[in-house]
Amino acid sequence: MIRGIWNRETIAWMLVGALLPVLAALLTERGTEAGLRVLIGLAVIGFWQLVFLIARGQPPSAAGAVTAVAVAVLAPGEVAVWQLALALSFGTVIGELVFGGWGRNVLNGAVVTLAFLYFGFPEIQHAPAGSMIALASGLSAILLVATGIVSWRALTGAVLVLLAVAASFGAEIAGFAFGGSLVFGLVFLACDPVASAATNPGRWVYGGLTGGLAALFGWAGDGFGAPQTIVFATLLGSLFAPLIDHAVIAIGTRQRRRPHG
Amino acid sequence: MARTLRHLLAPIIDNNPVTLQVLGLCSALAVTTSLLTALTMSAALTAVLVMSNIAISAIRHHIPNSIRLIVQITIISTLVIVIDQFLQAFAFEISQRLSIFVSLIVTNCLVMGRAEAFAMRNPVGPSILDGLGNGLGYSLILVIIGIIRELFGAGTLLGLVILPAVKDGGWYTPLNLMLMAPSAFFILGLLVWAIRSLRVEQAEPKEFPLTDEPERRHG
């Protein structure tokens, strides 16, 4: 959708702007090593965007920076540079660029990169992000929801279902607000405007599904704060987003066609 | 002569059963974790395909049209049982590693597809070449995927160490992902992409072309 100054790159730059507090929190929490990973991410993603610009004429997108920071936040383990570069190449090319670039992808490029890292190198342990990143992501969420880039329906649906399901499993839900991985993942991955549902009722369903999956994975798998939980929940949720939209549109069409009276 | 040879050569790349017709994927994904199983499966499938094409083509005028699928399946499953028993007798270990997938050649769309589309309508000679060509086309893809998965997933080829693994004192860290099913999908997808970039006539028309022209948009 292009309306006035709102085109694809406006949204990408707004996302990057909203990411700045998170980047500051990341550098404070983890120091220069995390900064170095963001730079590696930018270099790898920039390289592939350039390749696709030359080979297919696909314009590059600033949204690549979101992927670079998301990977640095959610994969803090002892990842070697070649492993990081391989996963980023895979996530960017297969997750995003082959579909025609950012905005046409089914899955978020960072989610594909992180799933590749978690599956491909399962021996690496990833610590959850800290409370400062959680706070910064909360600030970003306010900005993104206020500008309409992140859907408040998807975010509310995800948070409500996550808390309800986790509470029914008997988890300590008060601590969730301080889990950096969970809050960051909910705002920037699960509610990514491209890979989430695009119809209003669909956003509620999508948010609920992703939040419910996150609660399930957190309870049964690596724990609620673990980065894997929210990444895998988003991976599965995003796969269902087109189906949810399709169903919502089909129901709407049928209701409109029904004879009045 | 050239026309006869086309039956053999066309399915190898131009009309490859796996990458263009997209048939027989289930086994292509399941048996390619190592090169040895991929080769065995390729040989088994090619043998079944050639023999079923011969048998069906030879009796094609005597098969009643209404029950032709039943007759084809009976012939194919008989051949599969023979091949399966042969493997169990002479290559028991490989037969264990291939588990159910040799028996599942019965349901491989590739074998049924060639029987129905070619052997039912052509004499025995071209049917042999068609079966052999399609078998080789399938084998080519399986061997390529098998080589990539075994080499990067375990550092070996046919069990011989090519890239010495870290746990045996070498330098190579095996990619576990390569031994999981998703990697076969990725490699196959990349292979289809590569073939269609080189042979553009295989590429399908774009459903949603990229455009920046505002008048092409709606609303």
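Taking chain A, how much of its Cα-Cα pair set, in percent, is spaced more than 35 angstrom apart?
12 percent
For A:ALA174 paired with B:PHE185, estimate the spin-label separation in nm (one decimal), with each label point 7 Å from Cα along the Cα-to-Cβ line.
Roughly 4.2 nm, to one decimal.
At a Förster distance of 45 Å, what's the computed FRET efficiency of B:ALA89 paired with B:ALA203, Cβ-Cβ distance as r, to 0.05?
Efficiency, from the Cβ-Cβ distance: 0.50.
Let me check I've understood the local charge: for A:LEU239, count other residues with C-beta under 14 angstrom from its C-beta, Lys and Arg +1, Asp and Glu -1. What total comes out?
Charge balance in the 14 Å sphere: -2.
Using only helices, what value at 222 nm comes out for the protein assembly as shown when you add -39,500 (n - 2.57) per DSSP H run of length 4 or more and divide by the total residues, to the nearest 500 deg cm²/dmol?
Calculated from helices alone, the mean residue ellipticity at 222 nm is -21000 deg cm²/dmol.
Taking 1 over the mean of 1/r across every pair of different Cα atoms in the protein assembly as shown, what Kirkwood radius in Å do you get?
Evaluated on the protein assembly as shown, it is 25.4 Å.
What's the exposure ranking of A:GLU9, A:GLU33, going from fewest to most Cβ atoms within 10 Å?
Arranged by neighbour count, lowest to highest, A:GLU9, A:GLU33 become A:GLU33, A:GLU9.
Averaged over A:81-88, how many beta carbons belonging to a partner chain fall within 10 Å of each residue's beta carbon?
1
Provide B:HIS62, A:HIS126 in ascending order of the number of other Cβ atoms located within 10 Å of each residue's Cβ, fewest first.
With the sparsest Cβ surroundings first, the list reads B:HIS62, A:HIS126.
Sum up the charges of everything whose Cβ sits under 11 Å from the Cβ of A:GLY130, counting Lys and Arg as +1 and Asp and Glu as -1, but leave A:GLY130 out.
That works out to 0.
Taking the Cα-to-Cβ direction at A:ARG254 and at A:GLU9 and moving 7 Å from each Cα, how far apart do the two end points lie in nm?
Label-label distance for A:ARG254 and A:GLU9, simple model: 4.4 nm.
Bear in mind these aren't lab numbers, they're just calculated from the coordinates by the rules spelled out. Quantities reported herein were computed from a predicted structural model and do not represent experimental measurements. Neighbour counts run over all protein chains shown; Cβ positions are idealised from the backbone, glycine included.
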